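Worksheet: the structure to be examined is printed underneath.
The values are calculated or read from the model by the stated rules, or taken from the named source; none is laboratory data. In this text, all values refer to a predicted model and were calculated from it rather than measured experimentally. So basically every Cβ, Gly included, is an ideal-geometry build from the backbone, and we count neighbours across all protein chains shown.
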There are 2 protein chains.
Amino acid sequence: MRHHLPKILLFSGTVFCALNPAFSQSILGFDAAGTQKEVALETKFDQQLKAENLRAHMKRMSAHPHHVGSPFGKEVAEYALGLFKSYGFDARIDISYVLFPTPKTRIVELVEPTRFKASLVEPGLKEDATSGQTKEQLPTYHAFSADGDVTAELVFVNYGIPEDYEALEKMGIDVKGKIVLAKYGNSWRGIKPKVAAENGAIGCIIYSDPKEDGFFQGDVYPKGAYKNENGAQRGSVLDMPLYPGDPLTPGYGATKDAKRLDHKDAPTIMKIPVLPISYGDALPLLKALGGEVAPASWRGALPITYHVGPGPAKVHLKLEFNWDVQPAYNVIATLQGSEYPDEWVIRGNHHDGWVYGANDPLSGAVAVLEEARALGELMKSGWKPKRTIVYALWDAEEPGLLGSTEWVEERQKELEDKAVAYLNSDSNGRGFLYAGGSHTLEKFLNQVARDVTDPQRNVSVADRLRAKVLVDGSPKAKQEARSRSDLRIGALGSGSDYTPFIQHLGIASMNLGFGGEDGGGEYHSIYDSYDHYTRFKDTDFSYGIALAEVMGRCVLRLADATVLPFEFQNFANTVQQYATEIKQSVETLRMQADDHNKLLAENRFQLAADPKEPFTQPEPKSTVPYLNFAPLDNALATLEKSANDYARASNGAEKLSTGDLKKLNEILYKSERYLTHPEGLPRRDWFRHQIYAPGFYTGYGVKTLPMIREAIEQSNWTEAEAGIMRVSETLTNFAGQVDKAVSLMK
Amino acid sequence: MRHHLPKILLFSGTVFCALNPAFSQSILGFDAAGTQKEVALETKFDQQLKAENLRAHMKRMSAHPHHVGSPFGKEVAEYALGLFKSYGFDARIDISYVLFPTPKTRIVELVEPTRFKASLVEPGLKEDATSGQTKEQLPTYHAFSADGDVTAELVFVNYGIPEDYEALEKMGIDVKGKIVLAKYGNSWRGIKPKVAAENGAIGCIIYSDPKEDGFFQGDVYPKGAYKNENGAQRGSVLDMPLYPGDPLTPGYGATKDAKRLDHKDAPTIMKIPVLPISYGDALPLLKALGGEVAPASWRGALPITYHVGPGPAKVHLKLEFNWDVQPAYNVIATLQGSEYPDEWVIRGNHHDGWVYGANDPLSGAVAVLEEARALGELMKSGWKPKRTIVYALWDAEEPGLLGSTEWVEERQKELEDKAVAYLNSDSNGRGFLYAGGSHTLEKFLNQVARDVTDPQRNVSVADRLRAKVLVDGSPKAKQEARSRSDLRIGALGSGSDYTPFIQHLGIASMNLGFGGEDGGGEYHSIYDSYDHYTRFKDTDFSYGIALAEVMGRCVLRLADATVLPFEFQNFANTVQQYATEIKQSVETLRMQADDHNKLLAENRFQLAADPKEPFTQPEPKSTVPYLNFAPLDNALATLEKSANDYARASNGAEKLSTGDLKKLNEILYKSERYLTHPEGLPRRDWFRHQIYAPGFYTGYGVKTLPMIREAIEQSNWTEAEAGIMRVSETLTNFAGQVDKAVSLMK
């Protein structure tokens, strides 16, 4: 269910144009001879990949709606199962039983001062072959909304994130007992009804403003790729920052006979009704609002003066759902490792879509299938992976990572023991490689990107991305792209199936794809179709092939490396940067609080305010204390030393004895486990990782060093101090593992 | 014809809340006894001012259209003349004879791919009493457009400023032989057709996008104050950055028998036809454009995808004008000075409007009249000004500062000798004091603002402004508002009648008014009416009174000061800041050029570009040389020393002998003359001031140290070096005058 590209993009080595680049550079974890063999193998792998296969799979798998529980969803799983088997994999379907609500009743109507009933319909288009299959399509709705039947005055709340409610408070506007209308954007959608409910709203409507998602961006579908006035964004509003996966089985597998919560007691199900609408349906509601003119930054691209309300617009919102449990079909395909069968390299993408899901998720899923076929061909020619390779196509990702999360929760012990890394993709488009992941794999990923050629520009995908950063990046990013040999990868929050692997179990993970030259407004609508994809996205599937080349290299190198390609200097450097950011944010907050309180004491806010507009004297801000960052600084110094020791010691480590290599590799791939803590994060113990987490109020967006950062953002100074201690201990323990690896190599 | 507030706002002293503030602080140029007398006089002045007079004058003077040459325009001048006489002024009307084109034919029509004819009409509204007087109103047009009849493909050029044409070039789009459609905003309007013609366009249409001027800002007229879909902005497109005033009599007075250029030879008249239209008329034109989607920053608030073209939209633009010479009636009213009759303090505002001109210019003009009445009352009670006070209401400002410029040009010698300062206002609204002016008057103005009470918040207008800067200013402005006792005033470019005084003759000038809480879209439309003003602007005329209080103090203090209140430390400090800005801009340009050329050599632009979009390899940038700023630094050091010497020496200067005082004051008020140079600026010798000038490509917007700054902006390094020499000499000569003043006081 990925949508926007992460802001931090990836990478590359130095400028570099050799014809067969890999030969001229080493590959992490292989000795010289091994590198040569590996390059040959990867070249052979590439030769197997065929764009027409991607195209055929996408056409086949997007022929009908294939959400979890749909007949064609099962067909898609079985189609993939058959393919994996035909490629020589040991394949099966693992079934979980997950709650999946679908709508029975959807009503949004303006009842005052005029009447208008929202259509809530995405019409079929003659230019889009599948769009007319209205009987099979899920209507536009939010999975895990509450049932509800409410009528109240409407308030426009901008993006509906906490700072918007602060602005409303300054305007003297309270949403208690009201229905709020929020724009999509600036947070994951599930944050909007959660924050609305926290502020006392009784209903929430989310619309796609054409400024962010519609005609302002470009010509609308079917003339262009962007959202037309009828398109609406389905999606989950499950409170995933608390825990993802089946809401009825928190922390354990949703097996057939698992003990289940009543859906009314499930903490991750929204407490108020919420529904997505198109901008065509939103326009009459916004037009009917009175009250203050919305702040300039709140206004969208509709041809109206945006007002905040409340009222005179009054809205009736009625939603009823079928609360059914459905089977989720996770397709699991394995190639047994020849030397380390109990070390698993896992590669996955989901296969369920909200409707046709050509882009999301099939553009990534078809690369998975083609990679598997290419691996099968390598097998036929005699190659065997040293480690076990597990290919997975997850079901029920869209409603809340249900398939992957339940699969992981059910196999927690085994995965903690065996999983070397998890490699995820989701949607894939045209443009630049983006990458998020464990920073211990940053150097590894830089090498992979160095060795794959961009299909449009005939340089490595790394060099193309570096050019983009140098031309369009922030001043800081530009400077780094000149001075740092590796481009940075982003940190992972949530939003796709890597979440349970990295956040719950501490399995090193990566999330990769291409994008940035494939804008559009099809996301989670019936127009995310084969026709749309092949007109506007990766039209010749050349970036699908590029994704398979990148992912194939990742899988092959991780499966066959003599020494697993984890590396700790980049990790140490990046965590150091996160710590610096956090310290600066505390200083900024302190200065802002002091300045605010001074202005308040001097009555400057009132003097500056327009007397003809409502004014509320702001509250004083609590003074920001000085925090003791010394333990964190000490831990970072320890980590840096360990990382440097490892870099020195690991040179030539491929020559260790078989026994030591096995021990070393186990330390390496389990090192990420030491970045978790069994108690997890405050008030959300499912999230155990202490370096990366999705933000409690951003939803997908990552918060690094989350316990410290979120405590500071919420002015919880006691918890911030506790977070510093927790992270410091975590990093020190992690450094201890690195030291253990170092001592093995001495 | 002022429109937007300058970005740099004014000022105040320290926080300060005494009931009668002036008593507790000294007044520049008066000794203790003089200060006490002056405060009493100002208190009496304030007591005369009555809001109902402002209201009655505005209602009367906005009853009909009163542009130059209109019957009611003459009535307005005669009405003012009568008032001045009745107040005890020696009053007369000085007539100039100026070119004032009015339209005979106006046609804008889309001829391909569909047909649409622009209405070009602002309809009357029942909520606006004068709006229906269609026979007397000037239609929407641009004064000093060329005659023309052209048909060509349309290109959307954003704001139509030079950087927009650079962006078009990168897209591979040439406007040669095309008609361009530009948005209002980001430059003075006359720049748009000038730059269009420089780029080879054969016609220009300028529309008001609702993003900057319409429903995006707020509810539209008559529901709210903002521009409705029919409103269009009249205005002059005379090439005023070359020279303002009558285009047929450059540099000399437009007397009845003056030698006149043929209008076809006048260099300031536009070379292509240009017309303003409403966003209602612009929508079908924009909709008909194809080609590339416009860059995100170019898109406005109309409900369309903005495309650049060229075509398929093809437009027919036909314009014909009456090229008539009209009498401009400048109303001049004098109170003879008792001690220094040949030292003139001049206070002015224009009286002509584009149509009813309630805000622009009557909101300022009615304050002028009420100030004059109050001065008359003071005269009746026995007070006489030491210096001569000249009150002026200018005609023909709107078409290009014609009235004031011709009046000044005709009296150049006398004004150079006698003018102490010129005090201008134009439109006046509700909110914060804004001020631009000669920086030698900055401290003076800070004291005046300290002593006038804000009508809404009951603190000084200075303190209210300081609160605004502290709450909403940039970080730099906030910091200065804490650390610097005087708030900075803006530098003057052009856009109102101060221009000939300061820019041509070097008469110290100020431009003052209130605003920031009185948004609207009435500017230069038929809806700038009494009804609009009294609903949405300074509805109770309390800021009209505040303006009279500010201006009255300026006039009284300048007229009666023992030592004229010029001050040089703030001036030196601010010019130092301009020099620093310029040096930094050279460094930035150098870094940008180097970075650009490096990226080009590495082929990064092409690698970063989307292959599916047009791409032109950018040109290399010429290397930025190191400039010799040493002469400027030396001049600034000299100036700083002189300013410091003056500050020390002037303490107690009120005690000098009458003869020395006369000499001192003459040096002081003539010091600004030394900031001009007889050769003026390169390629525009009318503009003689070397510290302030309107930008050649901004129109109204000021460029400080213009010869240096504009040469750098245009990569003319030889001229930049010459500019450094010129400004250095100018500042050194100026410092010499300050030294002369110092030696008088020793």
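Hand me the list of helices (runs of 4 or more DSSP H) wholly inside the stretch B:392-480 holding 1 or more residues that are free of Cβ contacts under 8 Å to residues at least 24 places away in the same chain and touching a helix residue (DSSP H, G or I) at 6+ places or on another chain (Cβ under 9 Å).
Helices (runs of 4 or more DSSP H) meeting the threshold: B:461-472.
Could you please find all residues in the stretch A:191-220 being within 12 Å of chain B (Cβ to nearest Cβ) and not small (Gly, Ala, Ser)?
Selection gives A:Asp209, A:Pro210, A:Lys211, A:Glu212, A:Phe215, A:Phe216, A:Gln217, A:Asp219, A:Val220.
If A:Val448 passes every condition in (1) closer than 29 Å to A:Arg673 by Cβ; (2) crowded, with 24+ Cβ neighbours inside 10 Å; (3) in contact with a Pro (Cβ under 9 Å, 6 or more places away or on another chain) but one, which one does it miss?
Answer for A:Val448: the failing condition is (3).
For the stretch A:666-717, which residues satisfy the criterion of being among the aromatic types (Phe, Trp, Tyr) and modelled with pLDDT of 95 or more?
A:Tyr669, A:Tyr674, A:Trp686, A:Phe687, A:Tyr692, A:Trp717 - these are the residues of the stretch A:666-717 that are among the aromatic types (Phe, Trp, Tyr) and modelled with pLDDT of 95 or more.
This table checks each residue for (1) assigned to a helix (DSSP H, G or I); (2) among the charged types (D, E, K, R).
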| site | (1), (2) |
| --- | --- |
| A:Gln617 | no, no |
| A:Leu632 | yes, no |
| A:Lys641 | yes, yes |
| A:Asn651 | no, no |
| A:Trp686 | no, no |
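Being surrounded by fewer than 22 Cβ atoms within 10 Å (Cβ to Cβ), hydrophobic (A, V, I, L, M, F, W, C) and away from chain A (no Cβ under 11 Å) is the filter here, so list the residues in the stretch B:289-307 that pass it.
B:Trp298
Every residue in the stretch B:159-184 that is surrounded by 19 or more Cβ atoms within 10 Å (Cβ to Cβ) and more than 26 Å from B:Pro267 (Cα to Cα), please.
Answer for the stretch B:159-184, where residues must be surrounded by 19 or more Cβ atoms within 10 Å (Cβ to Cβ) and more than 26 Å from B:Pro267 (Cα to Cα): B:Leu168, B:Ile173.
Suppose the filter is in contact (Cβ under 8 Å) with a residue 12 or more places away in the chain, within 14 Å of chain B (Cβ to nearest Cβ), farther than 30 Å from A:Arg535 by Cβ and of a type outside the set (Lys, Arg); does A:Gly337 pass it?
Here the answer is no, as A:Gly337 does not meet what is asked.
Restricting the first residue to the stretch B:277-299 and requiring it to be assigned by TED's automatic domain parsing to the domain that holds B:Leu181, which pairs with a second residue that is among the hydroxyl-bearing types (Ser, Thr, Tyr) and assigned to a strand (DSSP E or B) meet a Cβ separation below 6 Å and a spacing of at least six or different chains?
B:Ile277/B:Tyr207; B:Tyr279/B:Tyr207; B:Ala282/B:Tyr207
Is it the case that the stretch B:163-176 has a residue that's under 27 Å from B:Ser529 (Cα atoms), of a type outside the set (Gly, Ala, Ser) and within 14 Å of another protein chain (Cβ to nearest Cβ)?
No, there is no match, as no residue in the stretch B:163-176 is under 27 Å from B:Ser529 (Cα atoms), of a type outside the set (Gly, Ala, Ser) and within 14 Å of another protein chain (Cβ to nearest Cβ).
Under 6 Å between Cβ atoms, at least 6 apart or on separate chains: pull out the pairs that start in the stretch A:151-165 with a residue that is assigned by TED's automatic domain parsing to the domain that holds A:Gly311 and end on any residue that is among the charged types (D, E, K, R).
A:Ala152/A:Lys178; A:Glu153/A:Lys178; A:Glu153/A:Lys314; A:Val155/A:Lys178; A:Val157/A:Asp164; A:Asn158/A:Asp164; A:Tyr159/A:Lys183; A:Gly160/A:Lys192
Does B:Arg347 qualify as being out of contact with any Cys (no Cβ under 7 Å at 6 or more places or on another chain), buried (at least 18 other Cβ atoms within 10 Å of the Cβ), among the basic types (Lys, Arg) and more than 25 Å from B:Gly253 (Cβ to Cβ)?
Taking the combined requirement at face value, the residue does not satisfy it.
What are the residues in the stretch A:519-554 that are more than 22 Å from A:His66 (Cβ to Cβ), in contact with a Gly (Cβ under 7 Å, 6 or more places away or on another chain) and in a loop (DSSP other than H, G, I, E, B), if any?
Residue satisfying the conditions is A:Gly519 alone.
Taking the stretch A:588-639 as the search range and keeping residues that are hydroxyl-bearing (Ser, Thr, Tyr) and in contact (Cβ under 8 Å) with a residue 60 or more places away in the chain, which one is farthest from the other protein chains (Cβ to nearest Cβ)?
For the stretch A:588-639, the residue satisfying everything is A:Thr638.
When residues of the stretch B:443-464 are filtered for being under 24 Å from the mean Cα position of the chain (by Cα) and at the interface with chain A (Cβ under 9 Å from one of its Cβ atoms), how many remain?
2
So, in the stretch B:258-315, how many residues would count as being outside any loop (DSSP other than H, G, I, E, B) and of a type in the set (S, T, N, Q)?
1
Exactly one condition in (1) at pLDDT 95 or above; (2) more than 14 Å from chain A (Cβ to nearest Cβ) is false for B:Val471; which is it?
(2)
Which condition does A:Arg488 not pass, out of (1) away from every other protein chain (no Cβ under 14 Å); (2) in contact with a strand residue (DSSP E or B) (Cβ under 7 Å, 6 or more places away or on another chain); (3) surrounded by fewer than 24 Cβ atoms within 10 Å (Cβ to Cβ), if it passes all the others?
(2)
Looking for whichever is touching an Asp or Glu at 6+ places or on another chain (Cβ under 9 Å), surrounded by 23 or more Cβ atoms within 10 Å (Cβ to Cβ) and closer than 20 Å to A:Val68 by Cβ here; the options are A:Ser425, A:Ser404, A:Ser460. Which one fits?
When all the criteria are applied, what remains is A:Ser404.
Filter the stretch B:59-111 down to the residues that are aromatic (Phe, Trp, Tyr) and farther than 26 Å from B:Leu275 by Cβ, then identify the one that is surrounded by the fewest Cβ atoms within 10 Å (Cβ to Cβ).
The selected residue is B:Tyr79.
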